[in-house]
Amino acid sequence: MLSKRNPQLNAQGELIHLLSIEGLPRAVLTQILDTAGSFLSVNEREVKKVPLLRGKSVFNLFFENSTRTRTTFEIAAKRLSADVINLDIARSSTAKGESLLDTIANLSAMHADMFVVRHSESGAPYLIAQHCAPHVHVVNAGDGRHAHPTQGLLDMYTIRHYKRDFTGLTVAIVGDIVHSRVARSDIHALTTLGVPEIRAVGPKTLVPGDLREMGVRVCHDMAEGIRGADVIIMLRLQNERMSGAMLPSAGEFFKNYGLTPEKLALAKPDAIVMHPGPINRGVEIHSAVADGAQSVILPQVTFGIAVRMAVMSIIAGNNA
Amino acid sequence: MSTLHLDAEALYADLAAGVRSLLKPESVLVGIWSGGAWLAERLQRDLKLAGDHGVISSALHRDDFGSRGLSGAADHTKLPFEVEGRAILLIDDVLYTGRTTRAVINELFDFGRPASVTLAVLVDRGGRELPIQPAFSAVRVTLPRGQKLTLARDAAGRFAFDIKTEAP
């Protein structure tokens, strides 16, 4: 029988898996951000390691390619003293026809304690969480177009670091929102944390009008979208969208929605510019902005390790 | 209910005298979060020591992480000096099983190799589960296992002890 309880939380409301930001209470998000703050200082110690996951095995299951996210999860797990096993699933068992659940059953027999999962199918991490043993924890590292919760959380950490408080902010998310699991996770997190104005900015083909139902202001005009913003989150324009006839050309997109110093001047003078990476210079962002004083793109990467350490240590400490 | 009465302010005066006798030129005070940190803060001031005291938390090295998980925001450790080569004087409010002290010593060594580590506490309540002894304790008491003794600090910065009986 299906339980109505959020599958990410145990009966006490504690986080046991991180599958999506949607449906998580503000207290849980705040706990993760606070804990991440304490792990940030661990990365500056003489010994950059704490023993919280000592003796635990973390399996990185990347059914879809990713270098950066996988690496930061690996560093985070290692700084918590876990043993990390990276599986390049795209090239191994599934290629031989093994089903997802058979793969999980096999890895569980190898005494896995945590799965970090990236999959092109939305919902794959949920399926794994429902079928693994009670002591095993699952972290979604990006599933299809659905969610990328640790990216959303590290974005929130970055915003809180520079802006201190969420409740008076205007946040503009710019670019390919329809295909972006990052945008979806950011919107849920910003809403839960009390950001009063969230704008989704981009062409009609990439910014669907039904976002309004999530309380988001939809702007198809870039100037309107970023005017007065405190935070600008640029999204990567995936090259494959161009071939799908959703956009005329990369040059055309940059002209209308690329973030240049001139367009950035419309935002608040102390606005920060974020990007989940990898960036396409001259497609969605001008080099002068990406490398400029308002860019916090590289701090995001550093914060990402601390946020992933926080998520892994919190879920590992809670029992189903 | 316990009839034990502990005058935290009187004990603090004894602790200050004890800590003064333990100080060496290269000593720094490090208070164990949270009660010990309050004590170290006040000792630093009352003993007119130069610089800032340190604060150390056991959260990242606890041995009961598997059963208790992370409690709240984990890390309060702030050591505003080099640990390498220093005489570390750890300050805590209540010494009981010794597990917190063990965790804190591990935490300390993540920052460098101190010349020595010494422990001074307000109350030693016995019940040790590890071979850890304080160099100074203002008082030794015996409490039943189910009782929890914690230091409290009021708005004026005065100390008092809180004794709670935990549900079995």
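Bear in mind these aren't lab numbers, they're just calculated from the coordinates by the rules spelled out. Being a predicted model, the structure only gives us computed values, none of them experimental. Here the Cβ is made from the backbone with ideal geometry for all residues, glycine too, and neighbour counts use every protein chain on show.
Among A:GLU64, A:GLU46, A:GLU98, the residue with the largest mean-square fluctuation in a Gaussian network model of chain A, with springs joining Cα atoms closer than 10 Å, is A:GLU46.
Dipole magnitude for the protein assembly as shown: computed about the Cα centre from +1 point charges on Lys and Arg Cβ and -1 point charges on Asp and Glu Cβ, it is near 220 debye. Report summary: the helix-based calculation at 222 nm, which adds -39500 (n - 2.57) for every DSSP H run with n ≥ 4 and divides by the residues of chain A, gives -11000 deg cm²/dmol. With all pairs of different C-alpha atoms in the average, the Kirkwood value for the hydrodynamic radius of region A:180-220 is 10.4 Å.
Please report how many Lys pairs in chain A have alpha carbons closer than 24 angstrom, counting only residues at least 8 apart along the chain or sitting on separate chains. The result is 10.
Over all orientations, region B:5-134 has a Cα convex hull whose mean projected area works out to 8.2 square nanometres.
Would you compute the Debye intensity of region B:29-87 from its alpha-carbon atoms alone, equal scatterers and no solvent, and pass along log10 I(q)/I(0) at q = 0.15, 0.22, 0.25, 0.27 Å⁻¹ to two decimals? Reported log10 I(q)/I(0), two decimals: -0.51, -0.88, -1.01, -1.10.
Overall, region A:80-220 carries a charge dipole of about 500 debye about its Cα centre when +1 sits on the Cβ of Lys and Arg and -1 on the Cβ of Asp and Glu, all other atoms neutral. For region B:3-57, trypsin sites (Lys or Arg not before Pro) meeting the loop criterion (DSSP other than H, G, I, E, B) and having at most 10 other Cβ atoms within 10 Å: B:LYS48. In plain terms, the C-alpha convex hull of region A:198-320 casts an average shadow of 9.7 nm² when viewed from every direction.
Expressed to the nearest 5 percent, the antiparallel share of DSSP beta bridges inside region B:27-123 is 5 percent. Basic side chains Lys and Arg get +1 at the Cβ, acidic Asp and Glu get -1 at the Cβ, and with that the dipole of region A:192-320 about its Cα centre reaches some 100 debye. Averaged over the residues of peptide A:42-53, the number of Cβ atoms from other protein chains lying within 10 Å of each residue's Cβ is 5.
Annotation: region A:94-230 has a Kirkwood hydrodynamic radius of 16.7 angstrom, from the mean reciprocal C-alpha pair distance.
For a straight C-alpha distance cut-off of 20 angstrom, the lysines reachable from B:LYS164 (same-chain residues fewer than eight places away being disregarded) are B:LYS148. For region B:6-113, the set of GluC sites (Glu not before Pro) satisfying both a DSSP loop assignment and a count of at most 13 other C-beta atoms within 10 Å is given as B:GLU26, B:GLU82, B:GLU84. Taken as Cα centroids, region A:293-320 and region A:142-189 sit 13 Å apart, rounded to the nearest whole angstrom. Here B:LYS48 is the anchor, and the lysines within straight C-alpha reach of less than 18 Å, apart from those fewer than 8 places off in the same chain, are B:LYS24. Calculated from the alpha-carbon coordinates, chain A shows an Rg and a Dmax of 19.4, 57 Å respectively. Here is the result for region A:229-310: no trypsin sites (Lys or Arg not before Pro) lie in DSSP coil with at most 13 other C-beta atoms within 10 angstrom of their C-beta. Largest GNM mean-square fluctuation among A:ASN43, A:ASN60, A:ASN239, using chain A with Cα springs under 10 Å: A:ASN239.
Taking 0.36 nm per residue of separation and subtracting the Cα-Cα distance, full extension of the segment from A:THR260 to A:THR67 would add 66.7 nm.
Here the Gaussian network model covers chain A, with springs between Cα atoms less than 10 Å apart; of A:GLU44, A:GLU284, A:GLU197, A:GLU44 fluctuates the most. Each part gets one Cα centre, and for region B:41-109 versus region B:11-29 those centres are 16 Å apart.
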